[in-house]
Amino acid sequence: MSDVADRTSPRPTASPGRAQRDLTSGPIATTLLAFALPTLGSNILQSLNGSINTIWVGRFLGEGAVAATANANTIMFLMFAAVFGFGMAATILIGQSIGRRDVESARRAFGASIGLVMGGAVVIAALGWIFSPDILTSLSTPPTVQPLALAYLRVIFLGLPATMLLVLLGMALRGVGDSVTPLWFTALSVLLDSGLNPVFIRGWFGMPEMGIAGSAVATLIAVHVASLGLLAYIYKRDLPIRLRGAELGYLIPSAALARTILLKGLPMGAQMLVVSVAALTMTGLVNRYGVDTTAAYGISMQLWGYIQMPALAVGAAVSSMAAQNIGAGQWERVDRITVAGLVFSAALTTTMVIAIIAFDRPVMLLFLGGESAALPIARHIQVLASWNFIIFGMTMVLFSTVRANGAVWAPLTMLFIAMYPVRLGFALAFQPALGADALWWSFPLGSVANFVMAAGYYRFGGWRRQRLAVPSVEVNEQSQNPAEPGGRLHPAG
């Protein structure tokens, strides 16, 4: 892996008076790491925000309120997954367009994503408000929890459009090479949300005492301030993705561009659903082994959320860098970016796994009492299964690269095979012989299968021949490598 800067001819800036970060030249390893760290920071902040809010709700309102927020958040995750893939598809289009120095196409893709996703978010928010009681009933929400969940969920639905706007703006900025600005506005959202939670829950400083709805109101205020603040920042700094004058017409995408985003976004969003359903199925299998095993698995999942963060951040960085370089036709750099991503992901995740296993007891004591029967089970789970995230992270890097050129169905298919026939199939088949250990061993087995398929597809698949571009825009193909035609676009799974 070489870090020697490419010798390229001078490139025009993408926006008058403002140049976006160029990911198509310069050292690869240091640029990748510098790009990934802010994304990692954003992920950590968002996880901490959820944990802090749960602490406020639990301490002030009790277990029933915590259960209510859990039910509501499950629903919101499914809604989020339904539209998230479209933003990912647009991000790849933006990255490839910036790599070609085609700012017009980048703005068309950005406008289309805002129009499609925000339009859908507004409709979902309205329907969600109306049908929240029916949704909670269909999920068999306990009757004692349902009034709390309803109050919380309806306010959260109101914040869905602003939440999606914040996500889309952050993804678009990463597409043009800026991962730092989304970090600052994520931090603003987290500070406001976690700080305002007790204010509205308990009615401090003269505010109304709103109970569980107050937690949702805090989130509502935080996400609106952060999203509108980031939008204002983009216009104040005249960043490449801003839309002015006639460009506002890009918010209504052409049929061809809408079709491109939908066809690429659906399978990327489906990957989140595949993982979610597999996780729910695994939880059902774990529940058969009793409360202690279920509690141990729940604590393990909390720790795994942090273990996988570096891999997801590196994958997002690889996606943005690969998309720009594919757009610029620099295939040799795409391969070097992938190798750098594999090395960083493996090194960072291995460090996390070693740290968690070495210090698992004091960390788990934050969740469990020192005499809890679940504690030794949780430590056993960590030893058997945590190392699978090293392989998982490397797989995400390979997927990020191939998706950056518009290859989305193969990763979805491979993920489905790894999750169901391999992971869940092994767990079900070997439970009689191995007991609960069959569940824990199924995690690394599924990850190994997924990595083998991903590596084979990266090496021998036809993903380099994909063609993904913003429709109806002239594209100069002279820069494409004639031996490996460039496609156009993606983020990580």
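Each other residue within a Cβ distance under 13 Å of Gly85 adds +1 if Lys or Arg and -1 if Asp or Glu, for a net charge of +2. Taking amide H positions as modeled 1.01 Å from N, with prolines and chain starts lacking one, the residues under 5 Å from Asn405 and 5 or more places away or on another chain are Leu489.
Report the charge-dipole magnitude of the chain in Debye, nearest 20, computed about the Cα centre from +1 at each Lys and Arg Cβ and -1 at each Asp and Glu Cβ. All intermediate terms of the calculation are to be shown ahead of the outcome.
Numbers: 30 positive and 21 negative charges, 181 e Å.
Dipole about the Cα centre, nearest 20: 860 debye.
Once each part is reduced to its C-alpha centroid, what is the distance from the range 214-268 to the range 383-412 in angstrom? When both Cα centres are located, 27 Å separates them. Carbon-plus-sulfur accessible fraction, the chain (probe radius 1.4 Å, protein heavy atoms only): 69%.
Among 356-363, 88-95, 186-193, 406-413, how do they line up from the highest to the lowest mean number of other beta-carbon atoms within 10 Å?
On the way: 356-363: 13.8, 88-95: 31.6, 186-193: 20.1, 406-413: 21.9.
Most protected by this proxy first, the peptides run 88-95, 406-413, 186-193, 356-363.
Gain on full extension, evaluated as 0.36 nm per residue between Ser276 and Asp292 minus their Cα-Cα distance, stands at 3.5 nm.
Calculate, in whole percent, how much of the Cα-Cα pair population of the chain lies beyond 43 Å. Walk me through the numbers on the way to the answer.
Values: 17901 of 121278 pairs.
When every Cα pair of the chain is considered, 15 percent fall beyond 43 Å.
Calculated accessible area for the range 164-273 comes out at 40 Å² per residue, all protein chains present (probe 1.4 Å; ligands, DNA, RNA ignored).
How much length, in nm to one decimal, is gained on full extension between Thr350 and Asp437, taken as 0.36 nm per residue of separation minus their Cα-Cα distance? Mind showing how you got there, number by number?
Values: separation 87, 0.36 × 87 = 31.32 nm, distance 2.21 nm.
Working it through step by step, the gained length comes to 29.1 nm.
In terms of its C-alpha gyration tensor, the range 325-389 comes out prolate, because a/c is 1.5 or above and the ratio a/b outweighs b/c.
Using the eigenvalues of the Cα gyration tensor, what equivalent ellipsoid semi-axes result for the range 238-338 when each is taken as the square root of five times the eigenvalue, whole Å, largest first? Kindly include the intermediate steps, with their values, before the conclusion.
Values: eigenvalues 304, 84, 39 Å².
They are 39, 21, 14 Å, listed from largest to smallest.
By the helix-only formula, in which each DSSP H run with n ≥ 4 contributes -39500 (n - 2.57) and the sum is divided by residues, the chain has a 222 nm mean residue ellipticity of -25000 deg cm²/dmol. Taking a virtual spin label 7 Å from the Cα of Leu188 along the C-beta vector, which residues in the range 221-264 bring their backbone nitrogen under 12 Å of it? Residues 222-237 fall inside that zone. Working note: Cα atoms of the range 54-212, range along each principal axis, descending, whole Å: 56, 36, 22. Rg over Rh for the range 365-464 works out to 1.11, both radii taken from alpha-carbon positions and Rh defined as the Kirkwood radius.
The values are calculated or read from the model by the stated rules, or taken from the named source; none is laboratory data. Note that the structure is predicted; figures quoted are calculated from it, not measured. Note that each Cβ is placed from the backbone with ideal geometry, even for glycine, and that neighbours are counted across all protein chains shown. Side chains included, ligands, DNA and RNA excluded: accessible areas come from the protein's heavy atoms. Shrake-Rupley method; radii C 1.70, N 1.55, O 1.52, S 1.80 Å.
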